[in-house]
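Let me begin by presenting the structure, written as structure tokens, before commenting on it.
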């Protein structure tokens, strides 16, 4: 089975500026992949190529086996841009009806109702968009991206302008979509959000992948902190060495009061990968 999104040796140049310098990336079925990197790293360019809004200079991007930008590929994608704008005079239901026509979806009122229920806006079906909070508009944006049940969802900074409650709501929604088998590529600056919801993380810097793996894989061991009757000390080693270290301390007559395995966070790994680059 083809990956939901497959990117191979992807390059994009704007004159003398290289936005992408040979990127390889895959989003598998039902996988939630976080795309991280400072401003200018090439994240939005990659997403736009996947959508067919930008053509690559070299390399290939495919959506469910179809060339990115082709009609078959566009039919497989749901997209929410970072700076989206919806007509303020539309109601939530009218907006989804418009996008059903644009996407050629025959789901009708049943699909619109299901999507509004999914994003927690069932009670706001007839509310005008201009009367909605930013968080409600963000959730409505995700609902429109899901019209027609696309297998791949591309989200560009979907929580950047939300408060903690709004971010949690969107995070819970992403987890629900993943449980339904929807693949998601999440472009975000919020490392804590990515660490909580993503199966895999890809870090871009100056158009190249500089680090990739699951959040757990990118969190490196930093030693073992052990508190004894002689005080607290940090020992070199990983989680697997805890029993041996404790046994040696007890055998030496020490009383062990606490053990903590120290690991780096995704933020630590990100900062090491991008160096002094700023978002």
Count of the range 115-129 residues which are farther than 16 Å from residue 176 by Cβ and either surrounded by 13 or more Cβ atoms within 10 Å (Cβ to Cβ) or within 27 Å of the chain's Cα centre (by Cα) (or both): 5
Selection from the range 39-84 of residues that are in a helix (DSSP H, G or I) and either within 16 Å of residue 150 (Cα to Cα) or not assigned by TED's automatic domain parsing to the domain that holds residue 103 (or both): 47, 50, 51, 71, 72, 73, 74
Which listed residue, of 245, 271, 249, is within 30 Å of residue 35 (Cβ to Cβ) and surrounded by 14 or more Cβ atoms within 10 Å (Cβ to Cβ): 271
So residue 192, is it surrounded by fewer than 22 Cβ atoms within 10 Å (Cβ to Cβ) and under 21 Å from residue 51 (Cα atoms): no
Out of 154, 204, 218, sole residue that is within 28 Å of residue 107 (Cα to Cα) and surrounded by 20 or more Cβ atoms within 10 Å (Cβ to Cβ): 154
Close pairs (9 angstrom Cβ cut-off, 6 or more residues apart or separate chains): free of Cβ contacts under 8 Å to residues at least 24 places away in the same chain in the range 236-258, surrounded by 10 or more Cβ atoms within 10 Å (Cβ to Cβ) and assigned to a helix (DSSP H, G or I) anywhere: 237/244; 237/245
Check on residue 259, farther than 27 Å from residue 19 by Cβ, touching a strand residue (DSSP E or B) at 6+ places or on another chain (Cβ under 6 Å) and in a helix (DSSP H, G or I): no
Given (1) in contact with a strand residue (DSSP E or B) (Cβ under 9 Å, 6 or more places away or on another chain); (2) at pLDDT below 90, number of the condition residue 129 does not satisfy: (2)
Qualifying residue in the range 97-114 (condition: in the same structural domain as residue 187 (by TED's automatic domain parsing), under 23 Å from residue 176 (Cα atoms), surrounded by 13 or more Cβ atoms within 10 Å (Cβ to Cβ) and in contact with a strand residue (DSSP E or B) (Cβ under 7 Å, 6 or more places away or on another chain)): no
Residue within the range 95-109 that is more than 24 Å from residue 171 (Cα to Cα), in a loop (DSSP other than H, G, I, E, B) and in contact with a helix residue (DSSP H, G or I) (Cβ under 7 Å, 6 or more places away or on another chain) present: yes
Only one of 40, 34, 21 that is touching a helix residue (DSSP H, G or I) at 6+ places or on another chain (Cβ under 7 Å) and modelled with pLDDT under 95: 34
Total residues in the range 85-94, condition in a loop (DSSP other than H, G, I, E, B) and more than 18 Å from residue 155 (Cα to Cα): 4
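The values are calculated or read from the model by the stated rules, or taken from the named source; none is laboratory data. Keep in mind it's a predicted model, so treat the numbers as computed, not measured. All Cβ positions, glycine included, derive from the backbone under ideal geometry; neighbour counts span all protein chains shown.
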